């Protein structure tokens, strides 16, 4: 077993009987000394406060006296300064006014001089501007007169335009009504076809024929135009103007109804394609390419039909019918006209070749004639020389004998004749085959 340590005993307070008897007296004495010290300190503080208060009162009185003296001095100085400053101010103001008046007069004179010089300079500078302004004002007056006249002319022209628009509107209405008839549409299509041919320059070469008719077993084939190609071939063109449905589509405002009319317009174009294919033009006008051109007199008609039925071109190609508008037909006719020009150039070249051959033959014949003439000239020269030689050697000596025998004559015989030594140049021309 473990042993536990016993706690250390604490000293207990001494019993009251053990406090010394002088302690209370000591405490009382200490308390009395403290009171005496406090009383002495209070007395000293009161004396010091009284002394400080007396000194403060003395300093305050001195300060008030000095303040009063300062106020008096300030008042005196203020009055003195007011008088002095007023006099100085009056003198200064007078001097300033005199100086200012002098300088103002100088400045006024200088300003007047500067003003005069600047006025002259400005007038010299502004004179061209003034002249220009006068000229501009005069020109503006003329322009205003011209403007008034032009405005009056413009009003007249506008009046004419309005009346022309009204007349055009009426004519358009009449044209629209007329185009509802088949005969009028056909004539208009043929007229547009002829204008296209004229624009392509085919009239100048006279290489087209309108309304040519060929008989067939059951009916009469009558294409609107036959374009003749170089080499004797032909292209058949038939103008069609299926415009009834197209015009109705333009007159309506409803999109659905317009689409229906456009579909009908495409169907009408397709129907004309089938009819042209059934006529078999290219078999009747031989030699001819195996297709027929269907001419629509307006780009809008072809575009509207193609938008409603994009298969029209392919359908026409399958039926050997080519859809054409003024722009495409002009391109085709320009090509044909170019072919005719080339044909004419070839004909001209052939004629030139024939003329060259004929010229060469003529030159060959003429060369033969020159050769014969040269030979004849040489023979004549030889005969002349022989005659001269015979004259000199036979005739002259005998005539001289007659003169020697006494025959007189008024003229003398020539001493002799010169021979001709020149000969005709020969020709050396070879014929070319």
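Since every read-out is calculated from the coordinates, none of them should be taken as a lab result. Note that the structure is a prediction, hence the values are computed from the model and not measured. Because the Cβ atoms are built from the backbone with ideal geometry, glycine has one as well, and the counts that use them run over all protein chains shown.
Note on residue 394 and residue 378: their simple-model spin labels are 2.6 nm apart, each label 7 Å out from Cα toward Cβ.
Under 12 Å from a label point 7 Å along Cα→Cβ of residue 153: give me every residue in region 122-146 with its amide N that close. Correct set: 146.
Potential lengthening of the chain between residue 278 and residue 370 amounts to 26.1 nm, from the contour at 0.36 nm per residue minus the alpha-carbon distance.
Test of understanding: what is the full-extension gain from residue 100 to residue 198, defined as 0.36 nm times their sequence separation minus their Cα-Cα distance?
Details: separation 98, 0.36 × 98 = 35.28 nm, distance 9.95 nm.
Gain in length upon complete extension: 25.3 nm.
Using 1/(1 + (r/R0)^6) with R0 = 35 angstrom and r between the beta carbons of residue 161 and residue 306, what's the FRET efficiency to the nearest 0.05? All intermediate terms of the calculation are to be shown ahead of the outcome.
Working: r = 36 Å, r/R0 = 1.02.
It comes out at approximately 0.45.
In this simple spin-label approximation, residue 64 and residue 387 carry label points 7 Å from Cα along the Cα→Cβ vector, and these lie 19.0 nm apart.
For residue 117 and residue 144, FRET efficiency with R0 = 60 Å and r from the beta-carbon atoms, rounded to 0.05?
Details: r = 39 Å, r/R0 = 0.66.
With a Förster radius of 60 Å, E is 0.95.
With a Förster radius of 45 Å applied to the beta-carbon distance between residue 110 and residue 88, the computed FRET efficiency rounds to 0.90. Ordering 386-396, 40-50 by mean Cβ neighbour count within 10 Å, with the highest value first, yields 386-396, 40-50.
Taking 7 Å steps out from each Cα toward its Cβ at residue 263 and residue 136 produces label points 6.9 nm apart. Distance between the C-alpha centres of region 339-410 and region 280-317: 73 Å, rounded to the whole angstrom. Here region 185-346 was treated as a single set of alpha-carbon atoms; its pair distances binned every 5 Å from 0 give 2, 9, 17, 20, 19, 14, 9, 5, 3, 1, 0, 0 percent. Within region 45-160, the proportion of C-alpha pairs whose separation exceeds 16 Å stands at 83%.
Please give the contour-minus-distance gain from residue 402 to residue 30: 0.36 nm per residue of separation, less the Cα-Cα distance, rounded to one decimal in nm.
On the way: separation 372, 0.36 × 372 = 133.92 nm, distance 22.87 nm.
Full-extension gain reported as 111.0 nm.
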